[in-house]
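K.L.:
If you scroll down you'll find the structure; I have some questions about it.
No value in this document is a laboratory result; all are computed from the given coordinates. Quick caveat: nothing in here was measured; it's all calculated off a predicted structure. Cβ placement follows ideal geometry from the backbone for every residue including glycine, while neighbour counts extend to all protein chains displayed.
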Amino acid sequence: MLVRLLYASRAAGALDEHELQAILKSSREHNQQEGITGLLCHNEGIFIQLLEGGRNAVNGRYKQIIDDPRHRDVILLAYDEIGEREFAGWSMGNVQLSRLNRAMVLKYSETGKLDPYSMSGKALTGLFHELVSSGAIVCS
Ligand code: FAD
């Protein structure tokens, strides 16, 4: 039973590169062990994370993520059962959203500025699919 979960949150404070790398490092370690794949996007104090994997693994990890004091205002945007993974190659891809093509974001949002709090989970998932399939974002 595979699921895909998408949420957004705001960084609790100014996040430097070192802190972000620490989150990514521990995420990749845990996620690989638990068979969780996906993306962690960040820009201007906003996180958007997409998690794919077994239902128990994703639910359990999401519960821990919600309680993390390094971010706040966690909003669940989408939760779906899926037949197959779309982001299978990435234990946790790191995407710097400031590098995104504005025109592509505009296709899925009202203003071209990526604001997950005013977008549907469906639109954001669609944007991620397009970003990956077009090669606009690559796992770093
Ligand atoms: P530890 O890493 O030992 O952490 C124990 C507790 O301390 C946890 O409650 C943790 O939230 C907190 N903590 C750890 N470091 C700090 C710090 N520098 N400042 C304040 N509190 C701290 N983890 C994953 O495994 N997979 C993910 O995909 C993932 N995505 C994340 C996305 C975001 C935006 C954030 C903020 C965190 C994410 N994490 C992720 C980390 C996750 O929230 C937990 O820290 C982790 O799951 C707990 O790992 P652990 O049991 O080894 O505990």
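K.L.:
Put a dot 7 Å past each Cα toward the Cβ at LYS113 and ASP80; how far apart are the dots in nm?
P.N.:
Output for this residue pair reads 2.8 nm.
K.L.:
Indicate the gyration tensor shape class of the chain (rounded, prolate or oblate), computed on the Cα atoms with a ≥ b ≥ c the square roots of the eigenvalues: a/c under 1.5 is rounded; otherwise a/b larger than b/c is prolate and the rest oblate.
P.N.:
It comes out rounded by the Cα gyration axes.
K.L.:
Just to verify a number: FRET efficiency for LYS122 and LEU2, C-beta to C-beta distance, R0 = 25 Å, to 0.05? Show your work: numbers first, answer last.
P.N.:
Details: r = 18 Å, r/R0 = 0.73.
Efficiency computed from Cβ-Cβ geometry: 0.85.
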